[in-house]
Structures are given as structure tokens and as C-alpha cells.
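Scroll down for the structure; my scribbles are underneath it.
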2 protein chains.
Amino acid sequence: MFTVFSDTPTGHWEVIHAAPYRGDPLSPPARIGVSQAAFLPSDPALWHLTGVPSYVRYVERAEKSALVSRQAGLGRPEATRAALIPIKKSAAWWDLTQDERRDVFETKSHHIADSLKHLPAIARQLYHCRDLGQPFDFLTWFEYAPEHSGAFEELVAHLRQTAEWAYIEREFDIRLARA
Amino acid sequence: MFTVFSDTPTGHWEVIHAAPYRGDPLSPPARIGVSQAAFLPSDPALWHLTGVPSYVRYVERAEKSALVSRQAGLGRPEATRAALIPIKKSAAWWDLTQDERRDVFETKSHHIADSLKHLPAIARQLYHCRDLGQPFDFLTWFEYAPEHSGAFEELVAHLRQTAEWAYIEREFDIRLARA
């Protein structure tokens, strides 16, 4: 089942800020709706970003247990702010082997450990789209209450200075408020 | 770009044997064509299996180097036999973490080490399809000369008795000859 973020005038999320961070920009719509679909959108005129919530690729058992015990689900009533940040990694990243990617991702960049510090305030969901022929590799999605906006900015700023981010060749930052 | 194995009366591969190994059977056509497509097939009447040749998920650097130095490419003129074996792994497999899957895949099952022994005689390509909403998780594809059929049968029989295969819940075995 695909998750589709699309141009939906009646969508639940209003775009309040949109800016390129690296690479080619996007032109997101004013409102974004999130839906589940059994097929990839086929209307070329529809603005959409589509991904799938796949299995975990890097976490080890102790990390998974820590994440599961601390993380919050999507859709909390108080989480009226969201961020949709699609990213594309470079060919150099995808040429790495599994152990090398894990080394950059966690040993050098502490991606999991640093994300854990912001749970449960920041709810997260990663959607994979590299294998779907989409323009990005991942759609990263976060939901939080307005009072945790500062913590979220800290997390984003921190991740962007890690070794992992040297492999990010395209990133666009969309911030949303529940409409 | 998707790789599509489909019912193609003029396809380059003739099905010479087809049998379920585990789980629900398939009804493959008499001839199979292999094509590249930018979109997932949308004709519900078309028999097809579709996947993407994605990045490596388990191999480490030394293993990747060994594979690359020894493996043969697809399409060798002498490789007139092929096998298309779609497989689906269980929920228990996908609930494992990366380190646990690697432990089953290589430490316990020697999937990479045992496959290496059959290079370059058996050319291999793995296509991923779990994230495409397809009925299988992987399409495994092998090409070999008729005189290496025995070696291929050994490899298949060996893999099916490994710890990894306890996680296979559906598998269908299609053998082909170049038409």
C-alpha cells in the first residue's frame, strides 16, 4: 500500500513554509492531503510525493526496542505541526555496502541515538520511494505540537551537520499546520 | 526503472518447467519476455512479475568485491538456460532487525559464501518487489549454460535447507530455455 502526499484543496495540512535546502526545488501546493493507495498515482498533472512505509534498514534490536518503547504514533490531536522533507542521497551512498552505510548512519552520525532524544515529542515516519521510480529516495515525515517546534529545529539542524548529510544531494523542506 | 517479466508470445524465454515449491502456485505463460518500464504495468489482464534491481542490503565490502570480481553479466550467448524464482518471506523475517537478518542470511546460512562458489557459471540478478505492492518480495533470476544445470540444482537445493529458508512462505520455480 502506497502513501500519497498530494495536492488536495481539502487536504488536512496547510503548507506554511517551503524552501529548498539542497538541489532542485519543488513547487508544493497550498494544501496537502495524505492518502493510502493500492496503485501509484498515474495522473501526470497531479502534484504528489509517493512512498511506502517499509521495514527498518539500519536499526539493531536494542535500538528498535528503544524506539518502539518511546515513540508516539502519527495523528495525535496535539501534534498540529508537521514537516515533510523529501531527500535524495547520492550515487556514492548507494554504492556503499550495508556495513559502510551503517557506519556512516549511526557510528559516525548517531542518527538513531540523536533521534531517540526527541521521542516521544516528535513522531516520525519514514517512507521509501527510491525503488518506485520517484524523484526522491525518502519522504521523511514528522508531527509535533507547536511547543516542540524548537526541539524539532534542533534535530533538523543537527542531522544536517552529520557525516551522513554529505551524501544528501537533494532535499526540500515543507512545513505544515493542521488545517 | 522497473524490470517486467511478462506473458509475451514473442518473448525470448520459453517456459520448460514450472512448479510450486511453497505456498500458492502461479500459472505462468508459455513464453516470457523481459522488458524495462518507467511505470508499473497497469493492465490487470497482463500476467507479469515486476521488480527493481535495487542496492545491496546484506553484503559487506569484502563480499561485494569478491562478487564483483567473479560474477558474470546477464545475456551471455552460452547461457541458454534460466530460472525465475519469485519468493515471499514471512512477517517474522520482516520484523527482524538488520543485524538479525544478516545473522540468519550469512552467519547461519552462508548465502553469499555458497553463492560465490558457483560464480561465474551461474549469473544472478535479484529484483526487489516487496515495496511495489507485488505478490512476492523478490524475483530471483539466474542464467547459465546447460552444462551447469547440475551445479544450479545443487545451489537451489542447498539454499532451501538453510536457516534463511524457514522464513520463505511462498516460492514458485520457473525454468526457462532461450527460445
### Message
Students often forget the sequence filter, so: which lysines lie under 21 Å Cα-Cα from A:Lys89 once same-chain residues fewer than 8 apart are removed?
### Response
A:Lys108, B:Lys64
### Message
At a threshold of 8 angstrom on Cα-Cα distance, excluding pairs fewer than six apart, so keeping six or more, what relative contact order does chain A reach in percent?
### Response
35
### Task
Just give the residues from the range A:36-84 buried by at least 50 square angstrom of accessible area in the all-chains context relative to the isolated chain, probe 1.4 Å, and say none if nothing qualifies.
A:Tyr55, A:Arg57, A:Arg61
### Task
Using only Cα atoms, locate the centre of the range A:128-179 and the centre of the range B:127-179, then give the distance between them in Å, rounded to an integer.
37
### ³J(HN,Hα) computed for each position of the range B:110-127 - Karplus, 6.51 cos²θ - 1.76 cosθ + 1.60, integer Hz, glycine/proline x
6, 4, 6, 4, 6, 5, 4, 4, 9, 9, x, 4, 9, 8, 10, 8, 9, 10
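Would you mind telling me the share, in percent, of accessible area of the protein assembly as shown contributed by carbon and sulfur at probe 1.4 angstrom?
Details: 8920 of 16250 Å².
That share works out to 55 percent.
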### Summary
Amide H contacts under 5 Å for A:Arg57, restricted to residues at least 5 apart in sequence or on another chain and with H modeled in the peptide plane, are none
### Solvent-accessible area per residue, Å², over chain A with all protein chains present [probe radius 1.4 Å]
45
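Using only the heavy atoms of the protein chains and a 1.4 Å probe, how would A:Val68, A:Val15, A:Val52 rank by accessible area, largest first?
Largest to smallest exposure gives the sequence A:Val68, A:Val15, A:Val52.
To the nearest 500 deg cm²/dmol, what mean residue ellipticity at 222 nm is calculated for the protein assembly as shown from DSSP H runs of n ≥ 4 alone, each contributing -39,500 (n - 2.57), summed and divided by the residues? Can you show the working numbers first?
Working: 10 runs with 74 residues, N = 358.
Result for the protein assembly as shown: -5500 deg cm²/dmol, rounded to the nearest 500.
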### Summary
Between chains A and B, the summed loss of accessible surface on complex formation, probed at 1.4 Å and reported to the nearest 100 square angstrom, is 2200
### Task
Return the residues of the range B:125-162 for which accessible area with all protein chains present is lower than in the chain on its own by 10 Å² or more; set the probe to 1.4 Å and exclude ligands, DNA and RNA.
B:Arg130, B:Asp131, B:Leu132, B:Gly133
### Task
Sort A:Glu106, B:Glu100 by accessible area with a 1.4 Å probe, largest first.
B:Glu100, A:Glu106
### Message
Nothing charged except the Cβ atoms of Lys and Arg (+1) and of Asp and Glu (-1): what's the magnitude of the dipole of the range B:1-93 about its Cα centre? Round to the nearest 20 debye.
### Response
380
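The values are calculated or read from the model by the stated rules, or taken from the named source; none is laboratory data. What you are looking at is a predicted structure, and each value in this text was computed from that prediction instead of being measured. Ideal geometry is used to build each Cβ from the backbone, glycine not excepted, and the neighbour counts take in all protein chains shown. Heavy atoms of the whole protein, side chains included, go into the accessibility calculation; ligands, DNA and RNA do not. Shrake-Rupley method; radii C 1.70, N 1.55, O 1.52, S 1.80 Å.
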